[in-house]
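To start, the structure under review is shown below, and the notes come after it.
The values are calculated or read from the model by the stated rules, or taken from the named source; none is laboratory data. The shown structure was predicted, so the numbers you read here are calculated from the model rather than taken from an experiment. Here the Cβ is made from the backbone with ideal geometry for all residues, glycine too, and neighbour counts use every protein chain on show.
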Amino acid sequence: MEPKETARPLPVRTAIFPVAGLGTRFLPATKATPKELLAVLDRPLIQFAIDEARAAGIERMIFVSHPSKSAIEKYVLHDAELDEQLCAKGKTEVAQKLRANALDAKAIDVRFVMQDEPLGLGHAVLCAADDALPGPVAVILPDDLILGDAGCLSEMIEAYERGGAGHMVATMQVEADAVSSYGILSVTGRDENVLWADGMVEKPDPDEAPSRQAVVGRYVLDGSIFDDLRNQKPGAGGEIQLTDAISRATPRVGLSGFRFSGQRYDCGSKVGMLQAILAYANSTTEFRNVIEDHNRGLLAAE
């Protein structure tokens, strides 16, 4: 399916962060700490996602959370009392860092809405419908960490705003034996980093997969996604699946994939989190030296 001939789309002003999940794969660590606050060294996963959205010029951030995860709201917003306590103790540098990380309500509109039941990613996105600004919306899954010189969402929005992309999903090429773990794009053409598609297949058998382009946790979606989700019947696991709504809308809205330049880490898994920690540590001199010293110690012990 080639790009649809459409007028230049409205700007992407809203980002939705589905953060209501229980993080069962990281229990017992997530019994009291939301998985989005698990740290890649000294930086929580959600901070990477916030910074990515901020760099992309997002005006409104909507966090779809759960009543049991109030710690996320406490982390995201500026804590004036803590700031005052730190400054009073002379810890101004720490206070300044926390201030820089927190979302300033004067600069960015921050909303929290609740998803009381785990009814699927599509349902989580739908929970944000009443708070989204007009036009297309971005969706960021914080446990899909994408590290790179350019933010994935910035790259996607730049490509999306050229027009004709329909619903846009971030994709990466995976090995044949991994396609059964992902939604896979049915690719019909390519224009640089944009892949034109006529649909998606959820977790196909390797022999039946239409490509090896796997969908990962970044989306830029036409504003019609909310109406489609309202009419979407439950799919796998009895949940409202976002990919089902996107696929159903493809003939009408269009569908494209975006090959981002960064490296993606599945921080919803322990292996992916460890890989992300090592990659992030290796990107700074301070922590790289620790890794090198550790590796030298291992070699010396052999």
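If the requirement is being in the same structural domain as ALA49 (by TED's automatic domain parsing), in a loop (DSSP other than H, G, I, E, B) and touching a strand residue (DSSP E or B) at 6+ places or on another chain (Cβ under 7 Å), which of these qualifies: ALA159, ALA165, ALA124, ALA105?
Exactly one of ALA159, ALA165, ALA124, ALA105 is in the same structural domain as ALA49 (by TED's automatic domain parsing), in a loop (DSSP other than H, G, I, E, B) and touching a strand residue (DSSP E or B) at 6+ places or on another chain (Cβ under 7 Å), namely ALA165.
Taking the stated definitions as given, is GLY223 outside any loop (DSSP other than H, G, I, E, B) and of a type outside the set (Asp, Glu)?
no
Only residues in the range 259-286 that are over 22 Å from PRO34 (Cβ atoms) count as the first member; pair them with residues that are aromatic (Phe, Trp, Tyr) and modelled with pLDDT under 90, Cβ under 8 angstrom, at least 6 apart or cross-chain, and list the lot.
Correct list of pairs: ALA281/PHE287.
If LYS31 passes every condition in (1) without any contact (Cβ under 8 Å) to a residue 24 or more places away in the chain; (2) in contact with a Gly (Cβ under 8 Å, 6 or more places away or on another chain) but one, which one does it miss?
All conditions are met except number (2).
Restricting the search to the range 254-283, which residues are surrounded by fewer than 19 Cβ atoms within 10 Å (Cβ to Cβ) and either over 18 Å from ALA49 (Cβ atoms) or in contact with a Gly (Cβ under 6 Å, 6 or more places away or on another chain) (or both)?
Once the filter is applied, which keeps residues that are surrounded by fewer than 19 Cβ atoms within 10 Å (Cβ to Cβ) and either over 18 Å from ALA49 (Cβ atoms) or in contact with a Gly (Cβ under 6 Å, 6 or more places away or on another chain) (or both), the range 254-283 yields ARG259, SER261, GLY262, ASP266, LYS270, VAL271, LEU274, LEU278, ALA281, ASN282.
Which of the residues that make up the range 65-98 are in a loop (DSSP other than H, G, I, E, B) and closer than 30 Å to LEU126 by Cα?
Within the range 65-98, HIS66, PRO67, SER68, LYS69, HIS78, ASP79 qualify.
Out of curiosity, is ALA197 closer than 25 Å to ASP143 by Cβ and either in a helix (DSSP H, G or I) or over 19 Å from the mean Cα position of the chain (by Cα) (or both)?
Yes.
Considering only the range 168-181, state which residues are assigned to a loop (DSSP other than H, G, I, E, B) and out of contact with any Lys or Arg (no Cβ under 6 Å at 6 or more places or on another chain).
GLU175
Hey, GLY268 hits all of (1) assigned to a loop (DSSP other than H, G, I, E, B); (2) within 26 Å of ALA165 (Cα to Cα); (3) in contact with a helix residue (DSSP H, G or I) (Cβ under 7 Å, 6 or more places away or on another chain) but one; which does it fall short on?
Failing condition for GLY268: (2).
Give the range 39-53 a look and list any residue that's of a type outside the set (Asp, Glu) and either modelled with pLDDT of 95 or more or assigned to a strand (DSSP E or B) (or both), or say none.
ALA39, VAL40, ARG43, PRO44, LEU45, ILE46, GLN47, PHE48, ALA49, ILE50, ALA53
Based on this model, can you work out whether VAL139 counts as at pLDDT 95 or above, surrounded by 16 or more Cβ atoms within 10 Å (Cβ to Cβ) and in a helix (DSSP H, G or I)?
The answer is no for VAL139.
Is it the case that GLU93 is at negative phi, acidic (Asp, Glu), surrounded by fewer than 18 Cβ atoms within 10 Å (Cβ to Cβ) and out of contact with any strand residue (DSSP E or B) (no Cβ under 7 Å at 6 or more places or on another chain)?
Against the criterion (at negative phi, acidic (Asp, Glu), surrounded by fewer than 18 Cβ atoms within 10 Å (Cβ to Cβ) and out of contact with any strand residue (DSSP E or B) (no Cβ under 7 Å at 6 or more places or on another chain)), GLU93 qualifies.
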